[in-house]
Ligand SMILES: *Cc1c(COP(=O)(O)O)cnc(C)c1O
């Protein structure tokens with residue numbers, strides 16, 4: 001199987017080339033030329049497997065040029081009980097007869113990004129060997145909070161790699177900020193940027209397309225790559241947990257063979273829900289894909305109207321990992337919906353960068369609305385959902401997950417669709433103690449990491465070990481720069 005750019009499909013790359021490169025040179029996203037189908041009987045087989053084996057099975061369908069042994073090695077290193085606090089890795093929790101919650105935050109940084117970023121470094125290292133790359137790769141990351149920490153943990157002290165993370169100064173929670181500022185490892189650097197996530201992300205995109213920088217770094221023995229969800233090596237591991245969750249529901253007798261299950265995903269950059277879409281295209285029996293947004297509801301409007309318009313107010317919300325106005329991975333969806341019309345995708349993306357908006361063709365809009373439902377939820381409502389879930393089900397959820405539960409409720413009310421639904425839970429509530437405590441009626445909050453104990457005492461639940469351990473960590477990174485000075489930070493880091 002080969003990979004092509006969403007903006008020019010004439011040039012085919014191998015899986016290793018696509019992963020090593022990250023972003024296509026033309027600015028497009030590298031994407032499989034064709035999706036493999038789940039073989040007949042696959043779900044039966046998968047039911048009996050461990051998460052690691054499921055990952056090998058699914059990734060093997062996509063990664064020509066990687067041996068099964070290699071993939072087994074990677075899966076064992078990425079998903080094990082030293083790193084995850086649940087042996088099932090991505091457990092599904094039953095909330096009620098029709099609602100199941102897929103918990104993706106049992107990894108080392110307590111957010112769903114670990115699912116992909118524990119795997120990506122292995123895929124990338126192997127891809128560099130396969131493509132005979134001799135230079136050291138420098139991973140540049142723009143993060144709205146969770147990606148940065150998960151990437152730092154995934155890449156720390158991985159040979160022949162460096163990682164530099166930029167995060168928006170006021171766009172992450174205290175705990176998220178502390179997780180990054182205290183990052184350990186010899187090959188890591190972290191820097192705050194004045195502005196919001198889009199400032200950080202557009203800054204990083206500009207660095208990637210800076211030919212002068214590329215040449216300079218080459219002389220120094222480096223090249224840039226990405227761990228943002230634009231890298232195929234990020235999206236692929238995310239397909240696994242949808243297939244795994246479906247297999248679990250079958251295994252537990254919660255659904256019948258072939259039963260269509262809806263999926264509801266708290267969405268920002270559109271990577272997570274895109275993986276659900278791909279899994280469905282591969283033949284996984286999924287029904288409607290529910291795209292849940294916070295007040296930054298650019299995707300809600302897009303799915304409802306076919307018009308994408310980023311010219312709008314940007315809100316800093318309690319679900320910061322979804323505070324995004326440009327959802328990069330949407331480009332891959334447009335490529336798929338248009339049956340790989342690269343010229344059309346290019347024209348939409350041109351228009352997006354010049355005017356900040358585009359409107360898709362009627363036929364694409366019709367397809368979009370068949371596959372997806374969209375809704376959003378503001379901060380007040382988010383906290384009400386957290387409180388209600390805790391009171392009704394004794395289930396503590398984080399603000400991102402709460403947005404998803406709210407949108408599911410809206411969808412059910414609006415449509416009467418009673419299909420069973422997998423709600424994707426993307427972060428531990430302990431990553432967002434302040435707003436979770438606020439939802440539970442506590443207004444006097446303790447400072448810094450003491451807030452973890454406060455949430456534990458209030459709920460009787462223990463904080464995940466990596467968060468509880470923050471107390472003992474030393475702050476290493478305190479710099480904050482203007483967006484215009486990000487280039488200097490790269491040059492300083494890669495001296
Ligand atoms: C990244 C993230 C999201 C959004 O996922 P996308 O793939 O960007 O749509 C949602 N919730 C949490 C906690 C996240 O870290």
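State which residue is farthest from the ligand (Cβ to nearest atom) when the search covers only region 142-178 and only residues that are part of a helix (DSSP H, G or I) and more than 25 Å from residue 453 (Cα to Cα).
Out of the qualifying residues, it is 155.
If you check residue 71 against the conditions, is it at pLDDT 95 or above, crowded, with 21+ Cβ neighbours inside 10 Å and in contact with a strand residue (DSSP E or B) (Cβ under 8 Å, 6 or more places away or on another chain)?
The answer is no for residue 71.
From the list 236, 274, 299, which residue is assigned to a helix (DSSP H, G or I), without any contact (Cβ under 8 Å) to a residue 60 or more places away in the chain and crowded, with 24+ Cβ neighbours inside 10 Å?
Sole residue among the options that is assigned to a helix (DSSP H, G or I), without any contact (Cβ under 8 Å) to a residue 60 or more places away in the chain and crowded, with 24+ Cβ neighbours inside 10 Å: 274.
What are the residues in region 234-278 that are away from the ligand (no atom under 14 Å from the Cβ), closer than 14 Å to residue 55 by Cβ and touching a helix residue (DSSP H, G or I) at 6+ places or on another chain (Cβ under 6 Å), if any?
240, 243, 244, 247, listed by residue number.
A quick yes/no check of all residues on (1) more than 16 Å from the ligand (Cβ to nearest atom); (2) assigned to a helix (DSSP H, G or I); (3) farther than 27 Å from residue 428 by Cα:
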site: 283; (1), (2), (3): yes, no, yes
site: 291; (1), (2), (3): no, no, no
site: 316; (1), (2), (3): no, no, no
site: 334; (1), (2), (3): no, yes, yes
site: 339; (1), (2), (3): yes, no, yes
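Out of the residues in region 386-409 that are part of a loop (DSSP other than H, G, I, E, B) and within 15 Å of the ligand (Cβ to nearest atom), state the one that is nearest to the chain's Cα centre (by Cα).
398
Hey, does region 82-97 have a residue that's away from the ligand (no atom under 16 Å from the Cβ), at pLDDT 95 or above, surrounded by 21 or more Cβ atoms within 10 Å (Cβ to Cβ) and on the phi < 0 side of the Ramachandran plot?
Yes, there is a match, as at least one residue in region 82-97 is away from the ligand (no atom under 16 Å from the Cβ), at pLDDT 95 or above, surrounded by 21 or more Cβ atoms within 10 Å (Cβ to Cβ) and on the phi < 0 side of the Ramachandran plot.
Residues that are surrounded by fewer than 17 Cβ atoms within 10 Å (Cβ to Cβ): list the helices (runs of 4 or more DSSP H) wholly contained in region 412-495 that include at least 3 such residues.
Fully inside region 412-495 and qualifying: 450-459, 486-493.
Among the numbered criteria (1) touching a helix residue (DSSP H, G or I) at 6+ places or on another chain (Cβ under 6 Å); (2) closer than 22 Å to residue 434 by Cα; (3) touching a residue at least 40 places away in the same chain (Cβ under 8 Å), which single criterion is violated by residue 381?
Of (1) touching a helix residue (DSSP H, G or I) at 6+ places or on another chain (Cβ under 6 Å); (2) closer than 22 Å to residue 434 by Cα; (3) touching a residue at least 40 places away in the same chain (Cβ under 8 Å), only one is false for residue 381: (3).
Any residue that is farther than 21 Å from residue 32 by Cα, in contact (Cβ under 8 Å) with a residue 60 or more places away in the chain and surrounded by 22 or more Cβ atoms within 10 Å (Cβ to Cβ) - is there at least one of those in region 356-374?
Yes, there is a match, as at least one residue in region 356-374 is farther than 21 Å from residue 32 by Cα, in contact (Cβ under 8 Å) with a residue 60 or more places away in the chain and surrounded by 22 or more Cβ atoms within 10 Å (Cβ to Cβ).
Restricting the search to region 85-110, which residues are part of a loop (DSSP other than H, G, I, E, B), within 26 Å of residue 408 (Cβ to Cβ) and under 19 Å from the mean Cα position of the chain (by Cα)?
Passing the criteria: 89, 90, 91, 104, 105, 106, 107, 109, 110.
So is residue 54 within 21 Å of the chain's Cα centre (by Cα), exposed (fewer than 15 other Cβ atoms within 10 Å of the Cβ) and modelled with pLDDT of 95 or more or not?
no
Any idea which residue in region 98-134 is surrounded by the fewest Cβ atoms within 10 Å (Cβ to Cβ), counting only those that are within 13 Å of residue 155 (Cβ to Cβ) and more than 16 Å from the ligand (Cβ to nearest atom)?
The extreme case among them is 125.
I'd like to know if region 188-211 contains one or more residues that are more than 29 Å from residue 321 (Cα to Cα) and either in a strand (DSSP E or B) or without any contact (Cβ under 8 Å) to a residue 24 or more places away in the chain (or both).
So far as region 188-211 goes, yes, one or more of its residues are more than 29 Å from residue 321 (Cα to Cα) and either in a strand (DSSP E or B) or without any contact (Cβ under 8 Å) to a residue 24 or more places away in the chain (or both).
The values are calculated or read from the model by the stated rules, or taken from the named source; none is laboratory data. Keep in mind that this is a model prediction, so the values were computed, not measured. Glycine gets a Cβ as well: all are built from the backbone with ideal geometry, and neighbour counts include every protein chain shown.
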